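Structure first, then comments.
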Amino acid sequence: MGVLVVGTVTLDTVETPSKRVEDVLGGSGVYAAVAASFFGNIVQLVGVVGADFPHAYTDFLQTRGIDLQGLERVKDGKSFRWGGRYAEDFNVRDTLFTELNVIEDFQPILPETYKDTPYLFLANNSPVLQLSIIEQATNPKLIVCDTMDFWINEQREALEALLARVDVLILNDSEARLLTGDANLVRAAEAILRYGPERVIVKKGEHGAISITESSYFNAPAYPLAQVTDPTGAGDSFAGGMMGYLASVGGTSEAAIRSAMVYGAVVASFNIEDFSVNRQKRVALAEISARYQELQEAARF
């Protein structure tokens with residue numbers, strides 16, 4: 001089955017204590033689409049770039065089998081650029097700059113061949129834009145969205161309207177607390193369910209992720225790594241891997257989503273072993289399956 005990913009496509013500058021890289025391929029849509037592509041699905045990417053966006057990056061995405069019919073290139077615009085600096089503790093990150101450029105006025109129109117794609121992932125973006133995509137989709141089997149603190153603070157009303165239209169919300173622990181005002185993540189997730197989604201998945205970084213519905217609780221472990229190079233995009237890779245697995249099995253059941261979350265954690269673990277999507281270029285599905293089995297064994301009791 002197919003996965004439709006709507007998100008940002010960016011040129012990133014990333015600083016870590018050991019290295020700095022400039023204008024590397026990034027963005028929520030990119031990380032999610034690449035992650036979803038490991039599972040043999042048709043992956044469609046909707047986003048926007050400027051005239052300065054390297055053709056080598058779009059060539060790479062196409063080698064992953066990602067359909068770029070929905071990627072608009074603005075001939076007289078500049079691509080969205082973001083810069084971040086990580087501390088020795090990779091959980092601490094400072095934003096150096098954000099240049100919205102072409103994304104500021106982007107109003108995506110889905111190609112006809114995208115509208116009936118069954119698995120829809122709305123990567124971190126304006127909830128107004130995310131709602132516009134839902135209005136254009138004709139046959140979604142599962143709608144999953146991500147959000148962040150900026151949208152919670154600046155577009156709260158639109159975000160609440162969005163939550164009434166999605167099946168699953170993915171956000172991190174600090175965002176769950178911000179959205180609900182509750183420091184307890186279980187209570188926070190239960191409060192978010194009342195906005196409308198059937199499931200809330202809270203990402204906890206190196207501590208994995210939890211899934212909560214009205215009748216279930218699941219804790220997906222993170223894959224343990226001794227060395228982290230760049231955690232940028234790990235959350236998007238988690239979500240994309242999850243969506244890719246679900247589409248590959250055609251499932252939305254509790255059992256399928258639990259397996260999908262573990263696969264998402266595995267794909268994210270490869271993401272943080274190098275900058276940008278460099279590690280994903282060298283990953284084979286057999287490696288993903290091997291780490292999945294390791295996590296299964298580590299969590300068994």
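The values are calculated or read from the model by the stated rules, or taken from the named source; none is laboratory data. Bear in mind that the values here come from a model prediction, so they are computed numbers and not experimental data. Every residue, glycine among them, receives a Cβ derived from its backbone with ideal geometry; neighbour counts consider all protein chains shown. Just the protein is used for accessible areas: all its heavy atoms, side chains included, with ligands, DNA and RNA removed. Shrake-Rupley method; radii C 1.70, N 1.55, O 1.52, S 1.80 Å.
Worth a mention:
- Yes/no for residue 278 being open to solvent by less than 10 Å² (accessible area, probe 1.4 Å), under 24 Å from residue 85 (Cβ atoms) and not hydrophobic (A, V, I, L, M, F, W, C): no
- Of the criteria (1) touching a helix residue (DSSP H, G or I) at 6+ places or on another chain (Cβ under 8 Å); (2) open to solvent by 80 Å² or more (accessible area, probe 1.4 Å); (3) free of Cβ contacts under 8 Å to residues at least 40 places away in the same chain; (4) within 30 Å of residue 16 (Cβ to Cβ), which one residue 91 fails: (3)
- Within segment 144-153, the set of residues being open to solvent by less than 10 Å² (accessible area, probe 1.4 Å) and within 16 Å of the chain's Cα centre (by Cα) comprises 144, 145, 146, 147.
- Residues that are open to solvent by less than 10 Å² (accessible area, probe 1.4 Å) and more than 15 Å from residue 168 (Cβ to Cβ) within segment 233-267 comprise 237, 266, 267, listed in sequence order.
- Annotation: residue 227 fulfils all but one of (1) surrounded by 16 or more Cβ atoms within 10 Å (Cβ to Cβ); (2) under 22 Å from residue 277 (Cα atoms); (3) among the polar types (S, T, N, Q); (4) touching a residue at least 40 places away in the same chain (Cβ under 8 Å); the unmet one is (1).
- In segment 154-167 there is at least one residue matching the filter, namely being in a helix (DSSP H, G or I), at pLDDT 95 or above, among the basic types (Lys, Arg) and surrounded by fewer than 16 Cβ atoms within 10 Å (Cβ to Cβ).
- Of the criteria (1) outside any loop (DSSP other than H, G, I, E, B); (2) touching a Lys or Arg at 6+ places or on another chain (Cβ under 9 Å); (3) open to solvent by less than 20 Å² (accessible area, probe 1.4 Å), which one residue 53 fails: (1)
- Scanning segment 61-88 for residues that are within 14 Å of residue 14 (Cα to Cα), in a loop (DSSP other than H, G, I, E, B) and open to solvent by 70 Å² or more (accessible area, probe 1.4 Å) gives a single hit, 88.
- Yes/no for residue 125 being of a type outside the set (Val, Ile, Thr), in contact (Cβ under 8 Å) with a residue 24 or more places away in the chain and open to solvent by 20 Å² or more (accessible area, probe 1.4 Å): no
- Each residue in segment 190-222 was checked for being assigned to a loop (DSSP other than H, G, I, E, B), surrounded by fewer than 22 Cβ atoms within 10 Å (Cβ to Cβ) and modelled with pLDDT of 95 or more, and 8 pass.
- Among the residues of segment 251-301, those that are closer than 22 Å to residue 1 by Cα, free of Cβ contacts under 8 Å to residues at least 60 places away in the same chain and assigned to a loop (DSSP other than H, G, I, E, B) comprise 251, 253, 284.
- Single match in 74, 21 (criterion: more than 23 Å from residue 126 (Cα to Cα), β-branched (Val, Ile, Thr) and at pLDDT 95 or above): 21
- Residue within segment 48-55 that is in contact (Cβ under 8 Å) with a residue 24 or more places away in the chain, among the small types (Gly, Ala, Ser) and under 18 Å from residue 124 (Cβ atoms) present: no
- Test: residue in segment 171-189 that is touching a Phe, Trp or Tyr at 6+ places or on another chain (Cβ under 8 Å), over 18 Å from residue 127 (Cβ atoms), open to solvent by 10 Å² or more (accessible area, probe 1.4 Å) and free of Cβ contacts under 8 Å to residues at least 60 places away in the same chain: yes
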